[in-house]
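Values in this text are rule-based calculations from the coordinates and carry no lab data. From a predicted model like this one, the values you see are computed outputs, not experimental measurements. Positions of Cβ are backbone-derived with ideal geometry, glycine not excepted, and every protein chain shown enters the neighbour counts.
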């Protein structure tokens, strides 16, 4: 009868609310807000309250998909990254944009804008919070 | 008091009278509900904070005690319960959401500081083994202020506060007595999808009315609200009305069923 409260940070936005994943015998059974978390102080929004559900969702993507003959088909990461690289190389800088994410760390966001500006030569970089 | 409580719980486990103790545990300075299955683990047992013991797991809509009972039949479980925890246990048992068979409540009365902080109407379980029953009321001063308001003022008050709602469903999710598989607060008939704030006052009143004979005044709804809506006040006023009209307070008497149980329910059969 192993029941644990595993501390985590809500994966949805940049606020970083604290939550506990309720784990019972290795299964995720719920989410509880973390009362003592300095940012969220025991509150969550509707996304945080459901932060456990996507983990086992049957709709969750577990592999990259590549559209072939008009249909999305499972592909390996190698195939997917190579295809993206090939298309980015072929495109002119003004035809490329990157959307980074509030879910990423500062460092990841920094690297994204560096890639877009210094490598691809484009100024088209934005983030998901403006979508 | 905590040392005595730990010693008592250790005795219960060591003497094989109980298989497990459910209470709040210290985890890196934070207090989380957990099961203690060995004597050594009980060194981490704490009595603190507003963290509620009894909660509903989602998406299964099953409370944590029933979840554990379902996995291990005949489980002898000790629950370190404050007044609010015990009231929730009693109500859930009445509503067949858990079984009190094999459950031993280790009752702990809250001290004055905690009772004041929680604005608790009854800061003690039925038979506290630890702490003293504080008989005076620590009720919310907001209730007295609200009662002095006229109808117009009350309307404006609720229009202001309920208008802040971002429909996070935190009040519903945090409530130990909310376990409906089909929540009326998600029904298109009452709550329009994508509309913010939700229609005044239907969204919050559906919750309030559904909890009229269940609300145990634990305050979890208000604590969970990111918009600081005085939900506790709403529930306290409702509890007061049920007490005055039916002489009934949920969670106080484990043997007395809801007075609403005898009232025929007329459910709408319209589609959403």
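Computed on the Cα atoms alone, the convex hull of the range B:62-211 gives a volume of 137 cubic angstrom per residue. Two decimals is fine: what's Rg over Rh for the range B:141-246, C-alpha atoms, Kirkwood radius as Rh? That ratio equals 0.94.
Result for chain A in a Gaussian network model with C-alpha springs under 10 Å: among A:95, A:50, A:37, the largest mean-square fluctuation is at A:95. The convex hull built on the alpha-carbon positions of chain A has an orientation-averaged projected area of 10.8 nm². With angles folded into 0 to 90 degrees, how steeply does helix A:77-90 sit against the dominant principal axis of chain A? Use alpha carbons for both and round to 10. It works out to around 40 degrees. Ranked by how many other Cβ atoms sit within 10 Å of their own Cβ, fewest first, the residues B:252, A:66 fall in the order A:66, B:252.
Convex hull of alpha carbon positions in chain B: directionally averaged projected area 15.9 nm². The slack between residue A:55 and residue A:98, meaning 0.36 nm per residue of separation minus the straight C-alpha distance, is 12.9 nm.
Using every pair of alpha-carbon atoms in the range B:2-130, split the distances into 5 Å bins beginning at 0 and state the percent of pairs per bin, rounded to integers. Final binned percentages: 2, 11, 20, 24, 22, 14, 6, 1. Where in the range B:161-179 is the amide nitrogen less than 16 Å from a point lying 7 Å along the Cα-to-Cβ axis of residue B:145? Only B:161-162 fall inside the zone, counting backbone N under 16 Å.
Look at where the Cα atoms of the range B:138-190 and of the range A:33-67 average out, and the two centres are 26 Å apart.
Stokes-Einstein diffusion of the range B:122-198 at 37 °C, 0.692 mPa s viscosity, Kirkwood radius from Cα pairs, rounded to a whole number: 201 µm²/s. Taken over the range A:3-49, the percentage of Cα pairs per 10 Å bin, counting from 0 up to the bin with the maximum distance, is 32, 53, 15, 0. At the listed q of 0.12, 0.22, 0.29 Å⁻¹, the Debye profile of the range A:65-130, built from one uniform point per Cα, gives log10 I(q)/I(0) equal to -0.38, -1.03, -1.13.
Listing B:152, A:4, A:108, B:222 from fewest to most neighbouring C-beta atoms within 10 Å gives B:152, A:108, A:4, B:222.
Rounded to the nearest 0.05, what FRET efficiency is calculated for residue B:116 and residue A:108 with R0 set to 30 Å and r the Cβ-Cβ distance? Here the calculated transfer efficiency is 0.05. With Cα atoms defining each centre, the range B:110-131 and the range B:193-268 are spaced 22 Å apart in the structure.
When chain A is treated as a GNM with alpha-carbon contacts under 10 Å, the residue of A:72, A:120, A:99 showing the greatest mean-square fluctuation is A:72. Counting only alpha carbon atoms, the long axis of helix B:231-246 and the longest principal axis of chain B meet at about 90°. Label point of residue B:129 set 7 angstrom out along Cα-Cβ; within the range B:55-88, amide nitrogens under 11 Å from it belong to B:78-81. When B:121, B:60 are arranged by Cβ crowding within 10 Å, least crowded first, meaning fewest neighbours, the order is B:60, B:121. Helix B:83-94 and the longest principal axis of the C-alpha atoms of chain B enclose an angle of approximately 80°. Comparing B:210, B:160, B:31 in a Gaussian network model of chain B where C-alpha atoms under 10 Å apart are linked, the largest mean-square fluctuation is found at B:160. Please give the calculated 222 nm ellipticity per residue for the protein assembly as shown, where each DSSP H segment of at least 4 residues contributes -39500 (n - 2.57) and the sum is spread over every residue; nearest 500 deg cm²/dmol? Helix contribution divided over all residues of the protein assembly as shown: -8500 deg cm²/dmol.
For the protein assembly as shown, the Kirkwood estimate of hydrodynamic radius, built from reciprocal distances between every pair of different alpha carbons, is 24.1 Å.
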